[in-house]
Amino acid sequence: MARETTLILFKPDAVSKNLTGTVLARFQEPGFVIRGIKMLRFDKALLDEHYSELTEFPFYPLLEEFMLSGPVIALALEGEDVIKTIRAMIGPTDSTKAPKGTIRGDFGECNRINMCHASDGPESAAVEIKRFFSEDELFDY
Ligand code: CDP
Ligand code: MG
């Protein structure tokens, strides 16, 4: 298994419900480590870039409204097989279908308000980490 880094976003629901610590504790439990962390607000341009594959979907305006509704926390998390493992811990996109024990199953509301984004593969992880962090904001220790 490869040591890799993934990009996670705590979405506005996770931040406003004060659940970021709870979720981060789950992510650290397997031994994954923080390489970078920051709080920010999306603007429309950054969101269109981040969700460039989704902007033409009918649900995009509501997704945009949700993602711009409050700040998010971006996290670069490193560990063995972290990309797949975090996707499994978060659960499927639709929170109402996500099993209990997953982040979305325990805390998500629907297929839009679903707590976290996480990179879905090594290529997207590399692009997404660069989107939110400069070299000097990523740490090895
Ligand atoms: O986040 P994930 O990779 O599981 O799903 P996606 O298909 O890449 O969609 C990105 C995000 O768009 C989701 O996490 C939802 O917040 C939102 N979405 C939505 O609002 N309505 C849908 N029908 C599908 C996705
Ligand atoms: Mg996705």
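The values are calculated or read from the model by the stated rules, or taken from the named source; none is laboratory data. Since this is a predicted model, take the numbers as computed values, not measurements. Positions of Cβ are generated from backbone atoms using ideal geometry, with glycine treated the same way; all protein chains shown enter the neighbour counts. Quick note on the areas: whole protein, heavy atoms, side chains included, nothing else; ligands and nucleic acids left out. Shrake-Rupley method; radii C 1.70, N 1.55, O 1.52, S 1.80 Å.
Structure values in brief
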item: For the stretch 3-133, the spread of Cα positions along each principal axis, largest first, Å; result: 37, 32, 23
item: Accessible area (Å², per residue) of the chain, counting only protein heavy atoms and a probe of 1.4 Å; result: 53 Å²
item: Percent antiparallel among DSSP beta bridges (both partners in the chain, rounded to 5); result: 95 percent
item: Order of exposure, largest accessible area first, which applies to 124, 69 with probe 1.4 Å; result: 69, 124
item: Karplus-derived 3J(HN,Hα), 6.51/-1.76/1.60, for each residue of the stretch 44-50, Hz, glycine and proline x; result: 4, 5, 5, 5, 4, 5, 5
item: Within the chain, longest stretch free of exposed GluC sites (Glu not before Pro) [DSSP loop, at most 11 other beta carbons within 10 Å]; result: 57-141
item: Percent accessible area from carbon and sulfur atoms, the stretch 3-133, protein chains only, probe 1.4 Å; result: 55 percent
item: Anisotropy class of the stretch 28-105 from Cα gyration tensor, a/c 1.5 cut; result: oblate
